[in-house]
Amino acid sequence: MNRIYRRDFIKGVMGVVGVSFFGGLSFAEVMSEGDYRIVIDGEDFSIGHRVRGGEQFPVPKPSKKCDFVIIGGGVSGLTAAYELRDANFLLIEKEKKVGGHARRNSWEDIYYSEGAAYFAEPVGEIEDFYGEVGLHLKEVPKPVDSIFAGEKLVLDIWDEGLKRLPYGDKAIKGFMKFKNDLENLDPFPALPVEKTDPQALKLDGISFAQYLKPYGTELVEFMNLYCRSALGGPVDQVSAYWGLNFYSGEIIPIYTLPGGTATLAEILDKKINQAGEGRIITGATVVNIESKGEKEVWVTYVKDGNVETVSTKCAIVAIFKHFAKRIVKGLPSEQSAAMWNMRYQPYLVVNILLNGVPYRKSYDTWMNGASFTDFIIADWIEGNTQRSKSVLTVYHSLDIGKRYLLLEDEQIKILVHGIANDLEMLVPGISKNIEEVRAFKWGHPMVLSSVGALTKIRPYATKPLGNILFAHSDSQMAAAVECAIWEGKKNAGIARKIVASG
């Protein structure tokens with residue numbers, strides 16, 4: 001069976017944070033707190049929030065023309081640009097660098113992820129794509145997953161630790177049965193959705209919580225941590241389709257590179273520029289996309305306070321639909337309504353920079369009863385080296401209704417201190433080792449893989465609007481690097497046909 005097992009992202013998720021959401025500053029405010037400082041950073045939504053507020057920007061006549069314009073330089077946009085690297089295209093990205101959620105940073109020679117941390121096992125077209133671009137993944141060594149629950153840490157929860165889970169015999173049998181059923185699930189809910197069995201799509205009509213109920217409440221509670229971290233919401237809001245697809249990647253090997261998925265974005269960026277420089281514009285926010293007849297699209301963007309328009313034969317909108325719906329003009333009512341019905345989870349990624357190595361027991365540790373869902377060890381794939389420093393990357397999803405907590409620095413400081421306090425449950429005294437905390441907030445990074453989204457929202461939200469195509473990972477209704485690659489490749493192929501047909 002040709003499956004793409006999941007999990008990618010998200011750990012993925014996120015990007016940087018900080019900037020005042022209203023001020024649009026380019027980098028971080030540094031705040032002293034106790035014996036360590038907290039650095040807050042974030043993406044630049046200064047122009048985006050003006051669009052949201054209803055500001056109308058001028059649309060000057062085009063100053064340049066090209067065959068393709070790609071809006072958004074995340075993995076989807078970069079993939080589309082890579083596929084079109086021999087063509088006359090322009091990619092426009094609002095951040096200072098491309099990569100979207102696939103980005104990384106370093107401290108004391110340790111790379112850590114500012115977003116997506118690892119990859120699912122690649123098969124089929126995704127495996128071929130990685131081979132083509134020269135991405136060489138490293139398998140994450142065991143123990144991969146552990147859980148801290150009931151004041152007990154259990155390593156390797158889907159292998160040797162399965163029988164040591166801090167639950168009763170009935171609950172443990174439920175975990176075992178779930179693993180066995182997942183390994184033998186047929187038909188399997190595939191990625192991309194276009195290639196799934198119609199029978200598997202029925203799983204989109206029920207919540208993951210409903211599907212998990214026969215396995216016991218303990219498994220439901222555990223999966224709730226995972227779904228909040230990787231699928232945009234709790235198990236009762238997430239489709240069983242994506243819950244099963246994503247979690248299948250947890251019981252087989254997962255892969256990563258130093259700093260997570262950022263290496264893929266860096267490779268694509270390099271190969272695109274090797275094919276021809278000057279075709280990527282960064283620090284530019286697109287504010288208007290509008291068809292001008294059947295064969296022309298105008299794309300207007302703001303950069304350094306200046307407003308410019310590009311004329312193109314085909315536009316590939318590789319940004320999330322929460323913003324696309326505001327800048328693409330002429331959307332049919334059904335398509336606009338579908339986009340408005342898509343929901344996105346706010347997220348905080350917190351990298352804790354430590355003196356010493358106070359914890360190094362597993363790659364990904366899940367925390368039941370903590371304010372956050374889980375954390376990873378940034379340099380785990382480098383082995384148990386004798387370092388004098390270490391970095392823990394903490395994933396702190398927020399309820400969709402609590403996005404406001406990311407708007408104020410003082411609220412973020414409270415969240416950070418809550419994380420440090422919760423880590424004390426697992427590693428007493430760890431706070432004394434903290435040298436610095438780098439918090440990255442992301443307002444709308446992860447689409448909620450909601451019940452019915454594939455069958456009731458996706459057919460309308462992703463429909464091309466003439467020569468305007470939609471290529472973001474959320475077109476698969478899931479936040480995954482594989483979704484982004486698929487959408488970028490697919491829409492680049494469609495765009496070529498549109499331009500070739502003249």
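The values are calculated or read from the model by the stated rules, or taken from the named source; none is laboratory data. Because the structure is a prediction, the values reported are computed rather than measured. Using ideal geometry, Cβ is built from the backbone for each residue, glycine included, and neighbour counts are taken over all protein chains shown.
Residue 159 meets all of the listed conditions (1) out of contact with any Lys or Arg (no Cβ under 8 Å at 6 or more places or on another chain); (2) closer than 15 Å to residue 248 by Cα; (3) surrounded by fewer than 20 Cβ atoms within 10 Å (Cβ to Cβ) but one, namely (1). Note on the stretch 455-478: among residues that are hydrophobic (A, V, I, L, M, F, W, C) and either in a helix (DSSP H, G or I) or modelled with pLDDT under 95 (or both), the one that is surrounded by the most Cβ atoms within 10 Å (Cβ to Cβ) is 461.
There is at least one residue in the stretch 282-295 that is over 24 Å from residue 81 (Cβ atoms) and not aliphatic (A, V, I, L, M). From the list 95, 139, which residue is farther than 30 Å from residue 302 by Cα and either touching an Asp or Glu at 6+ places or on another chain (Cβ under 6 Å) or surrounded by fewer than 23 Cβ atoms within 10 Å (Cβ to Cβ) (or both)? Being farther than 30 Å from residue 302 by Cα and either touching an Asp or Glu at 6+ places or on another chain (Cβ under 6 Å) or surrounded by fewer than 23 Cβ atoms within 10 Å (Cβ to Cβ) (or both) holds for just one of 95, 139, which is 139.
The single condition among (1) within 25 Å of the chain's Cα centre (by Cα); (2) closer than 20 Å to residue 364 by Cβ; (3) hydrophobic (A, V, I, L, M, F, W, C); (4) at pLDDT 95 or above that residue 252 does not meet is (4).
Whether any residue in the stretch 486-497 is farther than 19 Å from residue 338 by Cα, at pLDDT below 95 and either surrounded by fewer than 24 Cβ atoms within 10 Å (Cβ to Cβ) or hydrophobic (A, V, I, L, M, F, W, C) (or both) is what I want to check.
Looking through the stretch 486-497, none of the residues is farther than 19 Å from residue 338 by Cα, at pLDDT below 95 and either surrounded by fewer than 24 Cβ atoms within 10 Å (Cβ to Cβ) or hydrophobic (A, V, I, L, M, F, W, C) (or both).
For the criterion of being in the same structural domain as residue 328 (by TED's automatic domain parsing), within 19 Å of the chain's Cα centre (by Cα) and in contact (Cβ under 8 Å) with a residue 60 or more places away in the chain, residue 78 passes.
For the stretch 264-280, a residue qualifies if it is of a type outside the set (D, E, K, R) and surrounded by fewer than 19 Cβ atoms within 10 Å (Cβ to Cβ), and the qualifying residues are 267, 273, 274, 275, 276, 278. Close contacts from the stretch 275-286, counting a first residue that is under 22 Å from residue 319 (Cβ atoms) and a second that is acidic (Asp, Glu), with Cβ to Cβ under 6 Å and a gap of 6+ residues or different chains, come to 282/93.
If the condition is being within 24 Å of the chain's Cα centre (by Cα) and among the charged types (D, E, K, R), then the stretch 143-194 contributes 145, 194. The residue that is surrounded by the fewest Cβ atoms within 10 Å (Cβ to Cβ), among those in the stretch 398-454 that are modelled with pLDDT of 95 or more, small (Gly, Ala, Ser) and in a strand (DSSP E or B), is 450.
Scan the stretch 384-394 and tell me whether some residue there is touching a residue at least 12 places away in the same chain (Cβ under 8 Å), closer than 22 Å to residue 235 by Cα and buried (at least 20 other Cβ atoms within 10 Å of the Cβ).
yes
Scan the stretch 242-274 for residues that are closer than 30 Å to residue 143 by Cβ and either free of Cβ contacts under 8 Å to residues at least 12 places away in the same chain or β-branched (Val, Ile, Thr) (or both) and the total you get is 7. Checked against the criterion of being touching a residue at least 40 places away in the same chain (Cβ under 8 Å) and not assigned by TED's automatic domain parsing to the domain that holds residue 291, the candidates 486, 442 yield just one match: 442. Pairing residues of the stretch 315-337 that are over 23 Å from residue 66 (Cβ atoms) with residues that are modelled with pLDDT under 95, at Cβ distances under 6 Å and at least 6 apart in sequence or on separate chains, gives 322/444. In this structure, residue 319 qualifies as touching a strand residue (DSSP E or B) at 6+ places or on another chain (Cβ under 6 Å) and buried (at least 22 other Cβ atoms within 10 Å of the Cβ).
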